[in-house]
Amino acid sequence: MNYQWYPGHMTKAKRMMQENIKLIDLIIELVDARIPLSSRNPDIDEMGKNKFRMVLLNKSDLADPVWNKKWMDWFESQGIHALEINSKTGAGIRSINGLVQEACREKLERDRKRGIVNRPVRAMVAGIPNVGKSTFINSFAGKACTKTGNKPGVTRGKQWIRLNKDLELLDTPGILWPKQETGAGMRLALIGSMNDEVIIPEELACDLLSCLKELCPKAVEERYGILWQETLPLTLEEIARSRGCFTKGESLDLKKASGLLTDDFRKGKLGRITLERP
């Protein structure tokens, strides 16, 4: 399946980010810790090449802790400050202010030498759809500043949020890039960053099974009490049987089983799984 999704409002959102980039000192980019590369928008690297950079590995509770650490080390090796967080529980949030100060040390030193005091760091919060930006901002601010949702495309406009005397955030809509490489597009679909209405559930489920068979085959066997079959579609059928997914005519309901499998992965019910390696 060719995984592509780029609704019209994303072009407008990208243009808005380009217009506002000159106003900010720092880009705080949220990525999904399960796919830290595929959930990065390459446009942000181009737009922010002269800005200080931070990457937050969000939903780190759903990813393998060993690979979380390796990804943090990898980003640091690229000159990008990195931190693993969980926006929903607030894990790691308290460490962000210190990391902002570290990332913007040069700017703060310049301001001090020029006699500029009490000028806050202005940071743009960027990331792809459904990576958790709004939840992060609300958790960081300690109040509901933005709309949140479990579907991509909730945030459509920009808004400035004054967190404290040292930091202002510019929230931006989640944007993808027009053409995703096939593997990256599939991984984006798996974490819910594409509209599920453009996805064929059975094909996405088989792609997920392919990843799981390579990375953590026991997760599927233990969750559903099955053995891997000769083919991925047959394995999906076994999952349907084990979970009682049948139509009214007692045929296997593979669409329902596919949704169940994908949902289990997204919610971490298959364990803490990282799909990409640095």
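The values are calculated or read from the model by the stated rules, or taken from the named source; none is laboratory data. Keep in mind that what you see is a predicted model, and the values were worked out from it rather than measured. When we count neighbours, we look across all protein chains shown, and the Cβ atoms used for this are built from the backbone with ideal geometry, even at glycine. In case anyone asks, the SASA skips ligands and DNA or RNA and just uses the protein heavy atoms, side chains included. Shrake-Rupley method; radii C 1.70, N 1.55, O 1.52, S 1.80 Å.
Computed over protein heavy atoms with a 1.4 Å probe, the carbon and sulfur contribution to the accessible area of the chain reaches 48%.
For the chain, the mean residue ellipticity at 222 nm estimated from helices alone is -12000 deg cm²/dmol, where every DSSP H run of n ≥ 4 contributes -39500 (n - 2.57) and the total is divided by all residues, rounded to the nearest 500.
Each peptide in 204-215, 99-110, 31-42 receives the mean, over its residues, of other Cβ atoms within 10 Å, and ordering these scores from highest gives 31-42, 204-215, 99-110. Only the Cβ atoms of Lys and Arg (+1) and of Asp and Glu (-1) were treated as charged; on that basis the dipole of segment 208-278 about its Cα centre amounts to roughly 320 debye.
With N set to the number of residues, divide the alpha-carbon radius of gyration of segment 155-278 by 2.2 N^0.38 Å and report two decimals. Display every interim value, and only then the final one.
Details: Rg = 18.4 Å, N = 124, 2.2 N^0.38 = 13.7 Å.
Cα Rg divided by the expected 2.2 N^0.38 Å: 1.34.
Binning all Cα-Cα separations of segment 10-115 at 10 Å, short to long from zero, yields these whole-percent fractions: 14, 42, 34, 10, 1. Per residue, the accessible area of the chain comes to 48 Å², computed with a 1.4 Å probe over protein heavy atoms only.
Mind scanning Lys22/Lys113; Lys59/Lys107; Lys69/Lys133; Lys133/Lys218; Lys213/Lys256; Lys49/Lys88 and naming the pairs with a C-alpha gap bigger than 28 Å? With Cα atoms farther than 28 Å apart: Lys59/Lys107; Lys133/Lys218; Lys49/Lys88. Within the set (1) 53, 18, 15; (2) 38, 19, 16; (3) 28, 25, 18, the number that semi-axes √(5λ) of the Cα gyration tensor in Å takes when calculated for this structure is listed as (2).
Using the Karplus relation 6.51 cos²θ - 1.76 cosθ + 1.60 with θ = phi - 60°, the per-residue 3J(HN,Hα) values for segment 25-31 come to 9, 9, 10, 9, 9, 8, 10 Hz, with x marking Gly and Pro. Here the dipole of the chain is about 1460 debye; that uses its Cα centre as origin and unit charges on the Cβ of Lys and Arg (positive) and Asp and Glu (negative).
Taking trypsin sites (Lys or Arg not before Pro) across segment 217-255, the ones in a DSSP loop with at most 11 further Cβ atoms lying within 10 angstrom of their Cβ are Lys248. In the chain, a dipole from Cβ-located charges (positive for Lys and Arg, negative for Asp and Glu) runs towards its positive end, and of Leu270, Pro42, Gly183 it is Pro42 whose Cα lies farthest in that direction. For Glu29, the residues whose amide H sits under 5 Å from its own are Met54, Val55, Leu56, Ala126, ignoring neighbours fewer than 5 places away on the same chain, with H placed 1.01 Å from N.
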